[in-house]
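Please read the structure below before turning to the comments.
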Amino acid sequence: MDINEYQAKIREHINYPQEIGPYSIILALSQDLGKLSEKLNNVLINDQGNFDKKEALKVAISLGDVLFDITNMASDLGFAMSDIISLNLMKYTKNNENNK
């Protein structure tokens, strides 16, 4: 599945009023980033940064939650995720060229 297909598919799973989408999503994103940070912190403190398969899977699922939020925000703002990716790559390409 490509990123734009994913973007269309997850729109079936939103549960917030679309008129407040970007604002609602920023709160969800903050919450999901906090959960991701907590999982990473637990591995760093309790397991000295060694990820076993179970912990790595938990982190991967949390990354998916963050991706869900970001993808829905892009949709609410009228962007396809492929456009977001292209803009991001252009930004970093330009930054790298300017730093040479």
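The values are calculated or read from the model by the stated rules, or taken from the named source; none is laboratory data. Note that the structure is a prediction, hence the values are computed from the model and not measured. Cβ coordinates were reconstructed from backbone atoms using ideal geometry, including for glycine residues, and neighbour counts include every protein chain displayed.
Of all residues in segment 25-51, those that are without any contact (Cβ under 8 Å) to a residue 12 or more places away in the chain have Cβ atoms under 6 Å from Cβ atoms of residues that are surrounded by 12 or more Cβ atoms within 10 Å (Cβ to Cβ) and not charged (D, E, K, R), 6 or more apart or on another chain, in Phe51/Val43.
Just one of Ser86, Ser75, Ser82, Ser37 is surrounded by 15 or more Cβ atoms within 10 Å (Cβ to Cβ), at pLDDT 90 or above and part of a helix (DSSP H, G or I); which is it? I'd like the intermediate steps shown before the answer.
Working: Ser86 fails: surrounded by 15 or more Cβ atoms within 10 Å (Cβ to Cβ); Ser82 fails: surrounded by 15 or more Cβ atoms within 10 Å (Cβ to Cβ); Ser37 fails: surrounded by 15 or more Cβ atoms within 10 Å (Cβ to Cβ).
Answer to the selection: Ser75.
State all residues of segment 52-64 that are crowded, with 16+ Cβ neighbours inside 10 Å and either under 10 Å from the mean Cα position of the chain (by Cα) or touching a residue at least 24 places away in the same chain (Cβ under 8 Å) (or both); if no residue qualifies, say none. Within segment 52-64, Ser62 is the sole residue that qualifies.
Scanning segment 1-19 for residues that are surrounded by 11 or more Cβ atoms within 10 Å (Cβ to Cβ) and over 15 Å from Leu63 (Cβ atoms) gives Asn4, Gln7, Ala8, Lys9, Arg11, Ile14, Tyr16, Gln18.
Conditions tested, residue by residue: (1) among the hydrophobic types (A, V, I, L, M, F, W, C); (2) at pLDDT below 90; (3) in a helix (DSSP H, G or I).
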position	(1), (2), (3)
Gln7	no, no, yes
Tyr23	no, yes, yes
Ile26	yes, no, yes
Ala56	yes, no, yes
Ile61	yes, no, yes
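Considering segment 68-82 alone, what residues qualify as being without any contact (Cβ under 8 Å) to a residue 60 or more places away in the chain and within 15 Å of Ser24 (Cα to Cα)?
If we filter segment 68-82 for residues that are without any contact (Cβ under 8 Å) to a residue 60 or more places away in the chain, which is where we start, we get 68-70, 73, 76-79.
Across segment 68-82, the qualifying residues are Phe68, Asp69, Ile70, Met73, Asp76, Leu77.
When segment 23-62 is filtered for residues that are under 17 Å from Met73 (Cβ atoms) and of a type in the set (A, V, I, L, M), the ones remaining, listed by number, are Ile25, Ile26, Leu27, Ala28, Leu29, Leu33, Leu36.
Taking segment 1-35 as the range and being among the hydroxyl-bearing types (Ser, Thr, Tyr) and within 20 Å of Ile85 (Cβ to Cβ) as the test, only Tyr6 passes. For beta carbons closer than 6 Å, sequence separation of 6+ or different chains, a first residue in segment 1-19 that is without any contact (Cβ under 8 Å) to a residue 60 or more places away in the chain and hydroxyl-bearing (Ser, Thr, Tyr) and a second that is in a helix (DSSP H, G or I) and surrounded by 14 or more Cβ atoms within 10 Å (Cβ to Cβ), the qualifying pairs are Tyr16/Ser24.
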